[in-house]
Amino acid sequence: NGSKKFTKAQLNDDFCDCPDGTDEPGTSACPLGKFYCKNIGHAPSFLYSSRVNDGICGMICLRYHIDHFVIWIKRADCCDGSDEYDGKVKCPYTCHEAGKVAMESLKRKIEVYQEGVILRKVEIGLAKRAIAKDKAELSGLKNEREVVEKVVHQLE
């Protein structure tokens, strides 16, 4: 994806050599760059490099009033604190907690899915029985129609 080649020495040297910022995944040198968060104990992620060493730890919610509308924006930093490496602020390690929350959320989604699968099977069974009942009723009505048609034919 990068538009230039760079040496190993130029990787994370805190100078933006590539216009797309690919040479600085671990610094905030490139304005359009992305910082890679390992987030061990949770899912790895990328963070806009403008959020690196900004003195903010963790997740914050920003509230904006725009033309009478309130907009909430969730902003997540690295849960391992690696985005605040300059030492000005010490971020707590929250990856295990975030990982637990994500795992519980995933487990709940799986439970809901499994409940849905069971419910779908029940509904399919009910629908099959209803179709069979309707087919039997239709067959009976067809037989009845034949009898009525014969009677009408005899009366003519």
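Brief remarks follow.
- Sequence-distant lysines (8 or more away, or on other chains) whose Cα lies within less than 28 Å of residue 142: 128, 133, 150
- Taking every protein chain into account, the accessible area of the chain amounts to 79 square angstrom per residue (probe 1.4 Å).
- In nm, spacing of pseudo-spin labels at residue 85 and residue 46 (7 Å Cα→C-beta vector): 1.7 nm
- Within the accessible area of the chain, the carbon and sulfur atoms contribute 61%, probe 1.4 Å, all protein chains present.
- Using alpha-carbon coordinates, inclination of helix 95-155 to the longest axis of the chain, degrees: 20 degrees
- Cβ-derived FRET efficiency at R0 22 Å, residue 114 paired with residue 134, nearest 0.05: 0.10
- Peptides ranked, highest mean first, by Cβ atoms within 10 Å: ranges 30-39, 4-13, 125-134: 30-39, 4-13, 125-134
- On the beta carbon distance between residue 96 and residue 54, with R0 = 35 Å, the FRET formula returns roughly 0.90.
- Taking all pairs of distinct alpha-carbon atoms in the chain, Kirkwood radius in angstrom: 21.6 Å
- Sequence-distant residues sharing a close amide H with residue 48 (under 5 Å, placed H): 35
- Note on residue 6 and residue 122: the model spin-label points, each 7 Å out from Cα along the C-beta direction, lie 5.8 nm apart.
The values are calculated or read from the model by the stated rules, or taken from the named source; none is laboratory data. Bear in mind that the values here come from a model prediction, so they are computed numbers and not experimental data. As a convention, Cβ positions derive from the backbone with ideal geometry for all residues, glycine included, and neighbour counts pool all protein chains shown. Each accessible area value is taken on the protein alone, full model and side chains, heavy atoms only, with ligands, DNA and RNA left out. Shrake-Rupley method; radii C 1.70, N 1.55, O 1.52, S 1.80 Å.
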